[in-house]
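Here's the structure we're looking at; comments come further down.
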Amino acid sequence: MNTKFVVLLLSSIPVVCLAQEDAARKNELAFGLGGIPSLSRSDASSLDAGSGIALQVNYGRRFLGGRNAALYGEINFLASPTREVSSSVTTATHDFASLYVTPGIRLKFLLASRISPYAVAGGGYADYEQSTTRIDGRTNPVSRQLARGALDFGAGVDVRVWRFVALRGEARDFFTGPPAYNIPSIRGGQHNVVATGGFALCWH
């Protein structure tokens, strides 16, 4: 995925020219609401992490671009308050919450058009907060907080509805280590796919 993104980025740079003021505004602040679908882990002992609500805030600033394409630096915040865990292993964590903070870059196309698609990639920090109880109702012995590294990539589209406002739809995958499920056999990375919808405010 990272190799394809770099190739796409390099192939787009020759068509990027200095931006005209009406082609794209330099700053974007977006708010999104969406969901994380459930996932199953079957490394050794089966476990299902339930679906959850996703709350997203994203700030981006254009530092290179023109009417056809633009490159933004961004920082993305996404939080999911609670995802319930179900497993045949009753000593597993009952639920967990998650927070992802991922700086990155965004390559956006057709800035002068009403509809502007884009691709994103980045990396940063994931924080998982495990519940204080296990599935069986007893005290959870694992640490309440667990920090992980995170990679994120995805795509979206902005639909301009007014001079300073655009509707935004987006999907991202946050790839991290797993939360502390309290099941030693579950190891390796975990994909956390998120779909959100919201709006973006744009200004110079």
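The values are calculated or read from the model by the stated rules, or taken from the named source; none is laboratory data. Treat the numbers as computed from the prediction; the structure is a model and nothing was measured. When we count neighbours, we look across all protein chains shown, and the Cβ atoms used for this are built from the backbone with ideal geometry, even at glycine. Heavy atoms of the whole protein, side chains included, go into the accessibility calculation; ligands, DNA and RNA do not. Shrake-Rupley method; radii C 1.70, N 1.55, O 1.52, S 1.80 Å.
For the reader, a short list of remarks on this structure follows.
- Residue count for the stretch 154-182, restricted to those that are under 11 Å from Asn192 (Cα atoms), assigned to a strand (DSSP E or B) and touching a residue at least 60 places away in the same chain (Cβ under 8 Å): 3
- Condition met for Leu111 (part of a loop (DSSP other than H, G, I, E, B), open to solvent by less than 20 Å² (accessible area, probe 1.4 Å) and under 22 Å from Glu28 (Cα atoms)): yes
- Criterion: at negative phi and in a strand (DSSP E or B) - qualifying residue of Val89, Val85: Val85
- Any hit, the stretch 120-139, residues being within 17 Å of the chain's Cα centre (by Cα) and either at pLDDT below 95 or under 18 Å from Gly198 (Cα atoms) (or both): yes
- The criterion of being surrounded by fewer than 16 Cβ atoms within 10 Å (Cβ to Cβ), at pLDDT 90 or above, out of contact with any Phe, Trp or Tyr (no Cβ under 9 Å at 6 or more places or on another chain) and of a type outside the set (A, V, I, L, M) does not hold for Ser88.
- Residue among Ser40, Ser11 that alone is among the polar types (S, T, N, Q), farther than 12 Å from Lys108 by Cα, part of a strand (DSSP E or B) and modelled with pLDDT under 90: Ser40
- Considering the stretch 114-149, and only residues there that are of a type in the set (Ser, Thr, Tyr) and within 30 Å of Glu84 (Cβ to Cβ), the residue that is most open to solvent (accessible area, probe 1.4 Å) turns out to be Thr139.
- Taking the stretch 168-194 as the range and being modelled with pLDDT of 90 or more, touching a Lys or Arg at 6+ places or on another chain (Cβ under 7 Å) and aliphatic (A, V, I, L, M) as the test, only Val194 passes.
- Qualifying residues in the stretch 164-204 (those that are under 30 Å from Asp136 (Cα atoms) and of a type in the set (S, T, N, Q)) - the one surrounded by the fewest Cβ atoms within 10 Å (Cβ to Cβ): Ser185
- Meets criteria (touching an Asp or Glu at 6+ places or on another chain (Cβ under 9 Å) and either within 30 Å of Leu71 (Cα to Cα) or of a type in the set (Gly, Ala, Ser) (or both)) for Gly137: no
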